[in-house]
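Each remark here refers to the structure printed beneath this line.
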Amino acid sequence: MSSVKPYDMCWLDYRTLKIKDFDLFRTICIVDNDKSLEVPIKELKHFIKYSFKINPRVIKGSFDFSKYILIGKIDQMKDIIKEAKMWERKLNNEGFILKRIKENDKDILIITAKNERALVYAVFKLIENLRIGEKLDDLNHVDNPASYFRIINHWDNLDGTVERGYAGNSIFFKDNKIIINERTRDYARLLSSIGINGVVINNVNVKKKEVELITHKYLKILSRLANIFWDYGIKIYLSINFASPIYLGGLSTADPLDKRVSIWWKTKAEEIYDYIPYFGGFLVKADSEFNPGPHMYGRTHADGANMLAEALEPYGGYVIWRTFVYNCMQDWRDYKTDRARAAYDNFKPLDGNFYENVVLQIKYGPMDFQVREPVSPLFGGMEKTNQILELQITQEYTGQQIHLCYLGTLWKEILEFDTYAKGEGSKVKEILKGKIFETKYNGFAGVSNVGDSSNWTGHDLAQANLYTFGVLAWNPDRDIAKVVDDWIKLTFGDDSKVRENISYMLLNSHRIYEKYTTPFGLGWMVNPGYHYGPNPEGYEYSRWGTYHRANYEAIGIDRTSKGTGYTLQYHSPWREIYDDINKCPEDLLLFFHRVPYKFILKSGKTLIQQIYDLHFEGVEEVEVLKEKWYELKERIDDKIFERVSKRLEMQLEHAKEWRDVINTYFFRKTGIPDDKGRKIYP
Ligand code: GCU
């Protein structure tokens, strides 16, 4: 291990590299004295030092060497490299070129991009390519990110706690102060190395204390934090409270159509940009789960978002407005109101009404990051509005970083989902690339799984979720098995048994988790409030009846056109497929349909038997996960081996609890025994 820090460097933990001919790395040439190249060069030198045990020299303006690295902005290259002009046309603002040219006794590795921030992405990508074993000879990349926003959302509070955080306390805040230390820069490095370009540092639920983040009290120190991240191509964003003009400005209203309110926000924006010229913008959770919003004044979300957008527009800032809006106090006995419909019902009528610098941030499913949900119909529905796909990297409903639950496989399914908005091929990933609708500012947001624990994510293997989020946000076409393999190589090295076993563990873990918890799109069934552990009738906001409405003969919710009408929010053919109990994908069966326990599935089994079987299977498969890990005992760093082993032990125990509680629940409800005669209740 190269690191002597009190925390790991995850996939950036450089070790000696076995590249025979590394003379190239002895000389780094730059065109002229450009201070802005400091960070990419520093990163390059750091890598070379750890990987080849040499200190490269940096030469300005002279290229009289046979082997060297040439790094610089494409503008600076035009006089030296004849292809540079042509290359420039292939690059967007964040893209880069890595290319090895061997001609006339010269051997040059070129790293170029339009600006210094993209050069940092380029250097990290070069490092990654070399570390996963790409041959230097083959280096020839023109790489542009597929979408505009690639943002991490922290749900961190000023007191240092993290909402839904499972990896310790906040790395940004402690005791109402902002933390800036060595770890801050290392976090920026980690994020930049996976292509992230934005970070929202505070929780979407902006409470009394956090409202003050946009005041003088914090802006000065925030500007220091912002500079560190901006060095690495990452803009800082803040979550704001819609009622700030009341809390901070002493106004009697936050009505977005009130002149005093919009002037207050304009002045506020000016002040923020004075401190932080590269401020990204605001993230807003409005009219949801007790947060204030424009509905309080009889205004629409478009009214609210546009008013803020106008304030940020002169500085190039964005308003990222969340669509996670529903009535959490809804009576679940009322079969007509369906939480799944809420986001679409609220926002679809507003399509086309948002300003250009407003982006809607849409959770992947219509509910709330369950282990499986259908993909939100909003993606295919908002044709005239910028969109961000919101994913939850933190494992709130997927085992809270105690259980191994790699999310890349699920995310890939979401990205490949075809909305049919403009006919076949209108996949979510294409919408986010801006290729289906005529919107420019689309992208990804991931709710962070990072805290101040020494390995950043609590579960060491949960680092793979953070890594994968960045990689897919940069390029959603990536093959997920390859992403996993790359991550393993970068984190654990090139041992083939390690690669084989951890790949197996990661790629199967989400399905396994789904089996022993809530298959068929059921969701929840967790303890209310903290959302961990089985509780078949647990749903915090419902005092009346259950979320899944199980009784003695059937379970699930009829969300078809004859039921709540949710299926009608989809384009054809999905609305017909989801509407038809015989066509609906079985892993979402109980999300869309109310189904008798004796319903026969495609396998020929009854629904109830399959529920039993999946729960037994799930636990058996956790045992396999454990075995796979234990086979690696001699091949993995002791500290990491122990940490992960402990969590796998817990996972197995808790998976058994899930199996027993859920199976018992259904046995008691239905009176139908397991046809394999296994013990159902403990
Ligand atoms: C979930 C989560 C909350 C969070 C909310 C949101 O409901 O449990 O902690 O605030 O999502 O995304 O806003």
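What are the residues whose amide H is under 5 Å from the amide H of GLN401, where those residues sit 5 or more places off or on another chain and H is modelled from the backbone?
When sequence neighbours closer than 5 places are left aside, the close amide H contacts are GLN395.
I need the phi-derived Karplus couplings for the range 196-209: 6.51 cos²θ - 1.76 cosθ + 1.60, θ = phi - 60°, integer Hz, Gly and Pro marked x.
Coupling constants for the range 196-209: 5, 10, x, 9, 8, 8, 10, 3, 5, 7, 9, 8, 3, 5 Hz.
Using the Karplus curve 6.51 cos²θ - 1.76 cosθ + 1.60 with θ = phi - 60°, work out ³J(HN,Hα) for each residue of the range 344-355 in order, rounded to whole Hz, and write x for Gly and Pro.
Ordered by residue, 3J(HN,Hα) equals 5, 4, 6, 9, 4, x, 9, 4, x, 9, 8, 5 Hz.
Using 0.36 nm per residue of separation minus the Cα-Cα distance, give me the extension gain between ASN227 and LYS482 in nm, one decimal.
Values: separation 255, 0.36 × 255 = 91.80 nm, distance 3.37 nm.
Full extension from ASN227 to LYS482 adds 88.4 nm.
Roughly speaking, what is the stretch gain from ILE577 to ARG668, that is 0.36 nm per residue apart minus the C-alpha to C-alpha distance, in nm to one decimal?
That pair, ILE577 and ARG668, stretches by 29.5 nm at full extension.
Using only C-alpha positions, report the orientation-averaged shadow area of the convex hull of the range 163-259, nm², one decimal. All intermediate terms of the calculation are to be shown ahead of the outcome.
Details: hull surface 30.3 nm².
The orientation-averaged projected area of the Cα hull of the range 163-259 comes to 7.6 nm².
What is the distance in Å between the Cα centroid of the range 555-630 and that of the range 356-393?
Cα centroid of the range 555-630 versus Cα centroid of the range 356-393: 22 Å apart.
Under a 5 Å amide H to amide H cut-off, with H placed in plane at 1.01 Å, what residues pair with ILE59 once short-range neighbours are removed?
ILE28, CYS29, ILE30
Summing Lys, Arg as +1 and Asp, Glu as -1, what charge do residues with Cβ under 14 Å from the Cβ of ASN241 carry, ASN241 excluded?
+2
What pairs from LYS433/LYS489; LYS482/LYS598; LYS174/LYS384; LYS440/LYS482; LYS209/LYS489 go past 31 Å between their alpha carbons? Working shown, then result.
On the way: LYS433/LYS489 28 Å; LYS482/LYS598 41 Å; LYS174/LYS384 41 Å; LYS440/LYS482 29 Å; LYS209/LYS489 43 Å.
Exceeds cut-off: LYS482/LYS598; LYS174/LYS384; LYS209/LYS489.
Would you pull out the residues with amide H under 5 Å of ALA421's amide H, same chain only if 5 or more places away, H placed 1.01 Å from N?
Amide H to amide H, under 5 Å and 5 or more residues apart or across chains, ALA421 pairs with SER426.
How large is the convex hull of the Cα atoms of the range 10-143 per residue, expressed in Å³ as a whole number? Provide the component values of the computation, followed by the final result.
On the way: hull volume 13.9 nm³, N = 134.
Each residue corresponds to 103 Å³ of Cα convex hull volume.
So, counting K/R as plus one and D/E as minus one, what does the shell of residues with Cβ under 10 Å around PRO56 add up to? Present the calculation step by step, with values, prior to reporting the outcome.
Numbers: positive: ARG26, LYS45, LYS49, ARG57; negative: none.
Net of charged neighbours comes to +4.
Net charge around ASP460, counting only other residues with Cβ within less than 13 Å of its Cβ (Lys, Arg = +1; Asp, Glu = -1)?
After counting each charged neighbour, the total is -1.
Given R₀ = 60 Å, FRET efficiency for MET329-LYS85 by Cβ-Cβ distance, to 0.05? Don't skip to the end; give the middle numbers.
Values: r = 61 Å, r/R0 = 1.02.
Calculated value: 0.45.
Packing-wise, with mean Cβ within 10 Å as the measure, how do 141-152, 340-351, 267-278 rank, highest first?
Ranking the peptides 141-152, 340-351, 267-278 by packing returns 141-152, 340-351, 267-278.
Take the alpha carbon atoms of the range 485-533, find their radius of gyration, then divide it by 2.2 N^0.38 Å using N residues; give the quotient.
Numbers: Rg = 15.4 Å, N = 49, 2.2 N^0.38 = 9.7 Å.
This ratio for the range 485-533 stands at 1.60.
Size of the range 391-500 along its principal axes in angstrom, Cα-based, largest extent first?
Extents along the principal axes, in whole Å: 45, 30, 21.
Along the positive direction of the dipole of the chain (beta-carbon charges: Lys, Arg +1; Asp, Glu -1; about the Cα centre), which of LEU283, ILE59, ILE362 reaches farthest?
ILE59
Would you mind checking LYS20/LYS102; LYS285/LYS435; LYS515/LYS628 for any pair whose Cα atoms are more than 21 angstrom apart?
On the way: LYS20/LYS102 17 Å; LYS285/LYS435 27 Å; LYS515/LYS628 19 Å.
With Cα atoms farther than 21 Å apart: LYS285/LYS435.
For the range 77-133, with equal point scatterers placed on the C-alpha atoms only and solvent neglected, what are the log10 I(q)/I(0) values from the Debye formula at q = 0.25 1/Å, to two decimals?
After summing over all Cα pairs, the log10 values are -1.07.
Along its three principal axes, how long is the range 572-674 when you only count alpha carbons? Whole Å, largest extent first please.
52, 38, 19
Could you tell me the ratio Rg/Rh of the range 149-476? Both radii from Cα atoms, Rh via Kirkwood.
Taking Rg over the Kirkwood Rh, I get 0.94.
State, in angstrom, two size descriptors of the range 289-388 derived from its alpha carbons: Rg to one decimal place and Dmax to the nearest whole number.
Cα-based Rg and Dmax for the range 289-388 come out at 14.2, 48 Å.
Give the calculated FRET efficiency between ASP494 and LYS646 to the nearest 0.05, with a Förster radius of 30 Å applied to their Cβ-Cβ distance. Please list the in-between numbers first.
Numbers: r = 26 Å, r/R0 = 0.87.
The calculated FRET efficiency here is 0.70.
Rounded to the nearest Å, what's the spacing between the alpha carbon centres of the range 634-654 and the range 471-498? Just the number, please.
Here the answer is 21 Å between Cα centres.
What FRET efficiency do you get for LYS106 and GLU38 if R0 is 22 Å and r is their Cβ-Cβ distance, rounded to the nearest 0.05? Present the calculation step by step, with values, prior to reporting the outcome.
Values: r = 26 Å, r/R0 = 1.19.
After rounding, the FRET efficiency stands at 0.25.
What would the Debye equation give as log₁₀ I(q)/I(0) for the chain at q = 0.10 Å⁻¹, counting only Cα atoms as equal point scatterers?
-0.99
Please report Rg over Rh for the range 411-458, where both radii come from the alpha carbon positions and Rh follows the Kirkwood definition.
Working: Rg = 15.4 Å, Rh = 12.6 Å.
Rounded to two decimals, Rg over Rh is 1.22.
Karplus couplings for the range 582-594 from phi (6.51 cos²θ - 1.76 cosθ + 1.60, θ = phi - 60°), rounded to Hz, Gly and Pro as x?
8, 9, 4, x, 5, 6, 10, 3, 7, 6, 9, 9, 9
Among bridges DSSP assigns within the chain, what percent are antiparallel (round to 5)?
Details: 20 of 67 bridges.
Rounded to the nearest five, the antiparallel share is 30 percent.
Separation of the range 220-262 and the range 147-185 by C-alpha centroid, Å?
17
Throughout, read-outs are computed from the coordinates displayed, never taken from laboratory work. Keep in mind that this is a model prediction, so the values were computed, not measured. Note: ideal-geometry Cβ built from the backbone for every residue, glycine included; neighbour counts use all protein chains shown.
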